[in-house]
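Comments concern the structure below.
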Amino acid sequence: MRYDRSVHEVARDLVGATLRHGATAGRIVEVESYHQEEPACHAFIGPRPRTEVLFGPPGFAYVYRSYGIHALVNVVCEKEDVGAAVLIRALEPVDGIELMRERRGPVADRDLTNGPGKLTEALGITLEMNGVDLASGPIQIEPRTSGREPEVVTGTRIGITKAIELEWRFCDATSEYVSRPWPAAMRSAGRR
DNA sequence: GTATGGATCTTCT
DNA sequence: GAAGATCCATACA
């Protein structure tokens, strides 16, 4: 997978790919793209110590702390010095499901990885992995080569207060593991 | 089923 | 001091 191109193209291609860390892996079913041109992106205000990875070369992991509690994982895209990344928001468990259950505690299987903070906990991805190389590091991404074809649908991003009009959320409509139900417009169009 | 508040930390005002 | 790319427990319908 090449990451030195439009963050939105990469986001679409990541739906259906596999995110792997150690013995655990999941099929990516929901992502969002962020770009320094819009205010919801951490890179909007320019490079800061916390966000320097966003401005580094593509193909690296940007892991940061959200709401003081959770680790969220992103894939850095576009060329160096451009701050853009794809946030991984939900997975379907594929490998190491027992280990995920141990890490996540007593929750339903559906809740193992259907949120950005949940999937990092289930896969054991921590803040220490900020800046690791996805081509050689502990976190790997395997492009979809066979198996189920995702039905990619787009919508507005979730959990933000700025640039909420941009439809930069990409989901697999065939998956039960998206983090939230579809926006009303999608449901009324006949999707689930 | 929806609604609300707490946990906890980095960054900015 | 406040807000944020969140999750969970609890309360109520």
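The values are calculated or read from the model by the stated rules, or taken from the named source; none is laboratory data. All of these numbers come straight from a predicted model, not from anything done at the bench. Using ideal geometry, Cβ is built from the backbone for each residue, glycine included, and neighbour counts are taken over all protein chains shown.
At-a-glance table
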{"quantity": "Failed criterion for A:Ala61 (all others in (1) assigned to a strand (DSSP E or B); (2) surrounded by fewer than 21 Cβ atoms within 10 Å (Cβ to Cβ) hold)", "calculated": "(2)"}
{"quantity": "Residues within the range A:44-59 that are within 13 Å of DNA strand C (Cβ to nearest atom) and touching a strand residue (DSSP E or B) at 6+ places or on another chain (Cβ under 7 Å), tallied", "calculated": "3"}
{"quantity": "Set A:Pro143, A:Pro106, A:Pro116: member being at pLDDT below 90 and not hydroxyl-bearing (Ser, Thr, Tyr)", "calculated": "A:Pro106"}
{"quantity": "Residue tally, condition among the aliphatic types (A, V, I, L, M), in a loop (DSSP other than H, G, I, E, B) and buried (at least 17 other Cβ atoms within 10 Å of the Cβ), over the range A:96-130", "calculated": "2"}
{"quantity": "Number of positions in the range A:18-58 that are part of a helix (DSSP H, G or I) and not charged (D, E, K, R)", "calculated": "5"}
{"quantity": "Complete set of residues in the range A:64-77 that are in contact (Cβ under 8 Å) with a residue 60 or more places away in the chain and either away from DNA strand B (no atom under 12 Å from the Cβ) or part of a helix (DSSP H, G or I) (or both)", "calculated": "A:Val73, A:Val75, A:Val76, A:Cys77"}
{"quantity": "Qualifying residue in the range A:4-17 (condition: farther than 20 Å from A:Cys171 by Cβ and in a loop (DSSP other than H, G, I, E, B))", "calculated": "yes"}
{"quantity": "Residue within the range A:92-112 that is closer than 22 Å to A:Gly131 by Cβ and within 12 Å of DNA strand C (Cβ to nearest atom) present", "calculated": "no"}
{"quantity": "Every pair of residues 6+ apart whose Cβ atoms lie under 6 Å, when the first sits in the range A:39-63 and is at positive phi while the second is surrounded by 14 or more Cβ atoms within 10 Å (Cβ to Cβ) and not aliphatic (A, V, I, L, M)", "calculated": "A:Gly59/A:Tyr3"}
{"quantity": "Tally, over the range A:9-51, of residues that are more than 16 Å from DNA strand B (Cβ to nearest atom) and of a type outside the set (Asp, Glu)", "calculated": "22"}
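Matching residues to (1) over 20 Å from A:Gly159 (Cα atoms); (2) acidic (Asp, Glu); (3) in contact with a helix residue (DSSP H, G or I) (Cβ under 7 Å, 6 or more places away or on another chain):
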residue: A:Glu9; (1), (2), (3): yes, yes, no
residue: A:Arg27; (1), (2), (3): yes, no, no
residue: A:Cys41; (1), (2), (3): no, no, no
residue: A:Val53; (1), (2), (3): yes, no, no
residue: A:Val86; (1), (2), (3): no, no, yes
residue: A:Ala90; (1), (2), (3): no, no, yes
residue: A:Arg101; (1), (2), (3): yes, no, no
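Rundown of residues vs (1) out of contact with any Asp or Glu (no Cβ under 9 Å at 6 or more places or on another chain); (2) within 19 Å of A:Asn114 (Cβ to Cβ); (3) not hydroxyl-bearing (Ser, Thr, Tyr), yes/no style:
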{"position": "A:Gly22", "(1), (2), (3)": "yes, no, yes"}
{"position": "A:Glu30", "(1), (2), (3)": "no, yes, yes"}
{"position": "A:His42", "(1), (2), (3)": "yes, no, yes"}
{"position": "A:Ile45", "(1), (2), (3)": "yes, no, yes"}
{"position": "A:Pro58", "(1), (2), (3)": "no, no, yes"}
{"position": "A:Tyr64", "(1), (2), (3)": "yes, no, no"}
{"position": "A:Ile69", "(1), (2), (3)": "yes, yes, yes"}
{"position": "A:Ala84", "(1), (2), (3)": "no, no, yes"}
{"position": "A:Glu102", "(1), (2), (3)": "yes, yes, yes"}
